[in-house]
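Colleague: Before I ask anything, here is the structure I am working with.
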Amino acid sequence: MNTNSTNTVPEPNVGELAGSDYRKADVFRQFGIDFCCGGGQTIKEACRTAGVSEGELRSALDLAALRSENPDADFRQWPVAQLVEYIVRRHHGYVRETAPVLIEYARKVAGHHGPAHPELVDLELRVRHAMLDLIGHLDREEKVLFPAILKLASASGQASAHNLYFVRHAILQMQNEHGISGEDLQAFRKMTADYTAPPDACNSYRFLFEKLREIDADLQQHVHLENNVLFPRAIALLDKSEQA
């Protein structure tokens with residue numbers, strides 16, 4: 001008998017760690033590691049991509065786990081309907097409220113400061129397109145995908161093979177669109193030097209950058225909850241229905 005044979009359990013990826021304890025998601029954010037769209041990365045891969053020390057990150061994750069307070073919520077334990085309601089109310093509601101403000105202030109700031117800071121003209125275009133695309137994305141989730149997931153999760157919900165295929169395809173489409181939103185956030189950070197306003201910035205200029213920083217943080221958690229918590233739950237329901 002081979003006594004050297006061992007069964008190793010794969011280490012949780014970044015998304016799984018963030019999903020299990022939001023204190024760890026805060027650590028990933030502080031290190032500039034994408035735990036939403038890039039949630040499938042291993043810690044080693046994430047450190048290489050972000051250019052950070054793996055040892056330093058692991059130490060920070062260990063310290064976060066030792067903090068006495070509990071995570072804000074273990075979203076993995078929530079019923080699917082409660083999770084969907086929270087995402088729509090907390091995150092979709094925030095985007096719908098904030099997107100028009102960002103579009104207006106990006107236009108205002110580019111118009112006033114564009115001659116001295118021409119990058120603001122490109123930023124205004126990127127903000128407008130990103131926010132309009134994001135609103136369309138929310139509409140597709142709220143009107144099509146989320147109702148289908150809720151029906152699948154209900155005790156009496158019966159789904160045809162066609163509907164099961166549709167939900168699986170729709171999840172992949174939403175994940176792809178999340179990736180585009182992640183690219184928009186990366187562009188915002190680059191175009192604003194990580195939301196650092198220059199010395200000659202007026203109050204509107206500074207307000208715009210702070211709102212961009214705010215939506216960046218919110219969208220990271222928003223996409224994380226969908227990619228790493230809600231969608232895996234939905235896929236597990238799909239797999240169960242297909243096996244029935």
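Colleague: Could you tell me whether the stretch 157-170 includes any residue that is farther than 21 Å from GLY19 by Cβ and hydroxyl-bearing (Ser, Thr, Tyr)?
Modeller: Checking the stretch 157-170: at least one residue is farther than 21 Å from GLY19 by Cβ and hydroxyl-bearing (Ser, Thr, Tyr).
Colleague: May I pose another question? Can we say ALA170 is assigned to a helix (DSSP H, G or I), within 16 Å of VAL127 (Cβ to Cβ) and touching a residue at least 24 places away in the same chain (Cβ under 8 Å)?
Modeller: Numbers: assigned to a helix (DSSP H, G or I): yes; within 16 Å of VAL127 (Cβ to Cβ): no; touching a residue at least 24 places away in the same chain (Cβ under 8 Å): yes.
So ALA170 does not fit the description; no.
Colleague: Let me ask something additional. I'd like to know if the stretch 105-121 contains one or more residues that are within 22 Å of the chain's Cα centre (by Cα) and of a type outside the set (A, V, I, L, M).
Modeller: Narrowing the stretch 105-121 to residues within 22 Å of the chain's Cα centre (by Cα): none.
Within the stretch 105-121 (the criterion being within 22 Å of the chain's Cα centre (by Cα) and of a type outside the set (A, V, I, L, M)), the answer is no, since none of the residues qualifies.
Colleague: Residues in the stretch 217-244 that are more than 21 Å from ASN13 (Cβ to Cβ), of a type outside the set (Lys, Arg), part of a helix (DSSP H, G or I) and free of Cβ contacts under 8 Å to residues at least 60 places away in the same chain: how many?
Modeller: Residues that pass the stated criteria total 1.
Colleague: With respect to the numbered conditions (1) open to solvent by 60 Å² or more (accessible area, probe 1.4 Å); (2) small (Gly, Ala, Ser); (3) at pLDDT below 90, which one is the sole condition not fulfilled by SER160?
Modeller: Just one mismatch for SER160, condition (1).
Colleague: Any chance you could count how many residues in the stretch 86-105 are within 15 Å of PHE207 (Cα to Cα) and touching a Leu at 6+ places or on another chain (Cβ under 6 Å)?
Modeller: Counting residues in the stretch 86-105 that are within 15 Å of PHE207 (Cα to Cα) and touching a Leu at 6+ places or on another chain (Cβ under 6 Å) gives 1.
Colleague: If only one of VAL52, VAL9 is at pLDDT 80 or above and either open to solvent by 80 Å² or more (accessible area, probe 1.4 Å) or assigned to a loop (DSSP other than H, G, I, E, B) (or both), which one is it? Give the derivation first.
Modeller: Details: VAL9 fails: at pLDDT 80 or above.
Testing whether each residue is at pLDDT 80 or above and either open to solvent by 80 Å² or more (accessible area, probe 1.4 Å) or assigned to a loop (DSSP other than H, G, I, E, B) (or both) leaves just VAL52.
Colleague: Starting from residues that are open to solvent by less than 100 Å² (accessible area, probe 1.4 Å) and not charged (D, E, K, R), keep the ones in the stretch 57-71 and report whichever is modelled with the lowest pLDDT.
Modeller: So, considering only residues that are open to solvent by less than 100 Å² (accessible area, probe 1.4 Å) and not charged (D, E, K, R), the one modelled with the lowest pLDDT is PRO71.
Colleague: Sticking with this structure for a sec: Given the conditions (1) open to solvent by 40 Å² or more (accessible area, probe 1.4 Å); (2) farther than 28 Å from GLY19 by Cβ; (3) among the aliphatic types (A, V, I, L, M), which single one is not true for ALA153?
Modeller: (2)
Colleague: Oh, and also: Going by the conditions given, is GLU214 closer than 24 Å to TYR105 by Cα and in contact (Cβ under 8 Å) with a residue 12 or more places away in the chain? It would help to see each step written out before you state the result.
Modeller: On the way: closer than 24 Å to TYR105 by Cα: yes; in contact (Cβ under 8 Å) with a residue 12 or more places away in the chain: yes.
It is true that GLU214 is closer than 24 Å to TYR105 by Cα and in contact (Cβ under 8 Å) with a residue 12 or more places away in the chain.
Colleague: Quick one: GLU141 ticks every box in (1) closer than 30 Å to LEU237 by Cα; (2) open to solvent by 30 Å² or more (accessible area, probe 1.4 Å); (3) of a type in the set (D, E, K, R) except a single one, so which number is it?
Modeller: (2)
Colleague: While we're on this one: Kindly provide the set of residues from the stretch 189-244 that are open to solvent by less than 70 Å² (accessible area, probe 1.4 Å), modelled with pLDDT of 90 or more, out of contact with any His (no Cβ under 8 Å at 6 or more places or on another chain) and acidic (Asp, Glu), ordered by number.
Modeller: ASP216
So that you can scan it fast, the table gives a plain yes or no per residue for (1) at pLDDT 95 or above; (2) assigned to a helix (DSSP H, G or I):
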{"position": "ALA73", "(1), (2)": "no, no"}
{"position": "ARG76", "(1), (2)": "no, yes"}
{"position": "ARG90", "(1), (2)": "no, yes"}
{"position": "ARG107", "(1), (2)": "yes, yes"}
{"position": "ALA110", "(1), (2)": "yes, yes"}
{"position": "LEU123", "(1), (2)": "yes, yes"}
{"position": "ARG128", "(1), (2)": "yes, yes"}
{"position": "LEU134", "(1), (2)": "yes, yes"}
{"position": "ILE149", "(1), (2)": "no, yes"}
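Colleague: Moving on. Which one of these does LEU185 not meet: (1) in contact with a Leu (Cβ under 8 Å, 6 or more places away or on another chain); (2) open to solvent by 30 Å² or more (accessible area, probe 1.4 Å); (3) within 21 Å of GLN30 (Cα to Cα)?
Modeller: It is condition (2) that LEU185 fails.
The values are calculated or read from the model by the stated rules, or taken from the named source; none is laboratory data. All figures in this text were calculated on a predicted structure; none of them were measured in a lab. Cβ: placed from backbone, ideal geometry, glycine included. Neighbour counts: every protein chain shown. With ligands, DNA and RNA removed, areas are computed over all heavy atoms of the protein, side chains included. Shrake-Rupley method; radii C 1.70, N 1.55, O 1.52, S 1.80 Å.
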